[in-house]
Amino acid sequence: MWPFEEPAGGPNFYMFGTGDAHRYNINIDNNGDAKPDITYRWMFKTIDKRGLDTFLYNNGPVTSFNDENLLFKQTYTLQKIEDGKTTTLLRDAPVAPSYVGDASMPDYAALRHEAVVGLDNGGASFAGQADDPFFLDLRIFDLLYGTDLSETGNDTLAGYNVQSMAIQVPISEITSGKDPVIGVWATNDRRSIKMQAADGTQSYKGKFVQVSRWGNPLVNEVVIPAGLKDAFNALAPENDASVAPAVDRVNDPEVPKLIEAIYGIPAPKTPRDDLFAVFLTGVEGLNMPMGKVQPAELLRLNTSIAPTAQPNRLGVLAGDTQGFPNGRRLMDDVVDIELQALEGAVRTGKLVEALAAGDAVDANDLAFESTFPYIAMPHSGSGVFAPTGAVGAGAGGTATQGTSPRTVSPAPAEDSGVPVLGLVAGLLGLGLGAVGVTVLRRGRQEVHS
């Protein structure tokens with residue numbers, strides 16, 4: 001997809017891959033076998049009116065999705081696949097366009113509102129551009145922040161946007177029987193054959209094949225070694241445990257060895273049964289499914305855990321059991337959490353003090369929304385794109401510790417009496433993928449299956 005969407009990156013702004021070549025999926029396993037029991041699928045269509053007349057995305061102010069000045073736009077079909085049956089939930093639903101700038105889109109909030117579409121089950125769906133909700137300092141790749149932690153504290157994704165999809169559905173649609181635990185992962189499928197004509201036009205043929213997948217954040221990117229990434233991206237989760245080199249990297253990860261070599265902090269003893277639980281089976285008593293569990297790299301959520309009035313960015317490590325790795329909220333500091341987990345904090349129950357500051361980026365550059373789709377609105381192309389280097393602060397917003405509903409974790413609903421679960425798939429910077437579920441309920445009433 002499009003990593004690092006610079007808001008003023010015209011004249012060709014950002015789009016989803018079209019349905020003749022791409023399918024975007026959120027998959028849910030609700031019985032522990034690592035196979036998709038339910039899949040929500042997005043397929044996009046492009047409407048391009050520019051032709052030979054202009055290069056412009058829009059040729060005047062755009063006040064609605066159907067404004068004649070919006071020359072390039074997309075719609076999508078949303079399907080639900082369950083028990084071999086495909087049901088179309090939405091057809092020709094509007095995609096929120098790229099935020100070209102304030103002159104072109106004087107009321108972008110209204111455009112986003114048009115892209116929030118209700119579902120017959122009382123839920124809602126959204127697709128379009130949004131602020132990239134991931135926050136971290138990517139200079140970790142410069143020999144772990146320059147070998148002395150002096151380079152931490154810059155939210156590398158501040159000021160950038162990302163193409164995002166979200167769906168909100170009743171909890172009862174995705175859980176099974178008495179088990180409140182689900183496993184979630186996102187996949188992208190592409191046609192196996194791409195053909196390009198002499199005039200530059202493209203067509204696609206062949207079967208759809210899986211080309212990428214994401215479950216727990218940063219496992220694909222950091223835990224899986226480079227030589228296995230293509231195979232991992234094409235692999236069905238039910239087969240994860242059969243790939244010994246991948247399992248070996250969970251039981252004996254690379255990052256603790258690097259930290260020991262650079263900073264002298266001893267790596268925890270292996271094999272890492274603690275990481276095996278976090279990344280592959282779920283943690284017993286927290287988010288491990290009932291009955292037999294097939295080890296697989298899924299983001300697992302216990303939907304019965306009630307929300308807290310005071311969420312902690314370190315989630316379960318700070319005693320906040322509704323947070324990561326029990327699902328993933330938008331405000332969860334997954335980089336700091338996973339760094340501590342890799343260094344043994346899950347095993348010992350204590351944070352590694354020498355790394356307590358993490359990457360020193362503790363919140364997103366924009367506050368998250370309090371209503372669906374919860375991710376912040378995108379940065380405007382009219383803004384001055386110059387990340388400040390301040391913690392969590394970037395172009396277009398002020399650092400805020402978000403407490404609104406977030407991906408893959410329990411949270412209170414704002415107005416609905418129906419227990420609802422929202423799934424959010426954001427294609428994040430660097431091509432990172434995140435998938436999530438937000439459990440929503442009226443007030444703070446606990447939901448039981």
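The values are calculated or read from the model by the stated rules, or taken from the named source; none is laboratory data. Just so it is clear, the model here is predicted, and its values are computed rather than measured. Every residue, glycine as well, gets a Cβ built from its backbone with ideal geometry; the counts of neighbours run over all protein chains shown.
For the reader, a short list of remarks on this structure follows.
- Here G291 clears all of (1) at pLDDT below 95; (2) assigned to a loop (DSSP other than H, G, I, E, B); (3) closer than 28 Å to G146 by Cα except the condition numbered (3).
- Filter result for D189 (among the charged types (D, E, K, R), under 28 Å from Y76 (Cβ atoms) and either surrounded by fewer than 22 Cβ atoms within 10 Å (Cβ to Cβ) or more than 16 Å from the chain's Cα centre (by Cα) (or both)): yes
- Among the residues of segment 160-215, the one identified as closer than 29 Å to P7 by Cβ and out of contact with any strand residue (DSSP E or B) (no Cβ under 8 Å at 6 or more places or on another chain) is G200.
- Here segment 217-248 is the region considered, the condition is being within 17 Å of D33 (Cα to Cα) and buried (at least 21 other Cβ atoms within 10 Å of the Cβ), and the residue that is nearest to the chain's Cα centre (by Cα) is P237.
- In segment 90-148, the residue that is nearest to I174 (Cα to Cα) out of those that are among the hydroxyl-bearing types (S, T, Y) and out of contact with any Lys or Arg (no Cβ under 8 Å at 6 or more places or on another chain) is S125.
Residue by residue, here is whether (1) acidic (D, E); (2) at positive phi; (3) at pLDDT below 95 holds:
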| site | (1), (2), (3) |
| --- | --- |
| D199 | yes, no, yes |
| S203 | no, no, yes |
| R213 | no, no, no |
| A234 | no, no, no |
| P268 | no, no, no |
| R272 | no, no, no |
| F276 | no, no, no |
| A309 | no, no, yes |
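- Screening F16, F4 for residues that are within 18 Å of the chain's Cα centre (by Cα), on the phi > 0 side of the Ramachandran plot, of a type outside the set (V, I, T) and surrounded by 15 or more Cβ atoms within 10 Å (Cβ to Cβ) leaves exactly one candidate, F4.
- Within segment 35-54, considering residues that are surrounded by fewer than 16 Cβ atoms within 10 Å (Cβ to Cβ) and of a type outside the set (A, V, I, L, M), the one farthest from the chain's Cα centre (by Cα): D53
- Qualifying residue in segment 349-363 (condition: of a type in the set (D, E, K, R) and modelled with pLDDT under 50): no
- Test result for A166, at pLDDT 95 or above, under 24 Å from M43 (Cβ atoms) and either among the hydroxyl-bearing types (S, T, Y) or surrounded by 15 or more Cβ atoms within 10 Å (Cβ to Cβ) (or both): yes
- Taking the conditions (1) modelled with pLDDT under 95; (2) surrounded by fewer than 16 Cβ atoms within 10 Å (Cβ to Cβ); (3) under 18 Å from F126 (Cβ atoms) in turn, T88 satisfies each one other than (1).
- Spans of helices (runs of 4 or more DSSP H) in segment 169-273 with at least 2 residues more than 19 Å from N25 (Cα to Cα): 244-251, 255-263
- Identification of strands (runs of 3 or more DSSP E) wholly contained in segment 37-153 with 1 or more residues that are closer than 21 Å to D365 by Cα and touching a residue at least 60 places away in the same chain (Cβ under 8 Å) yields 124-131.
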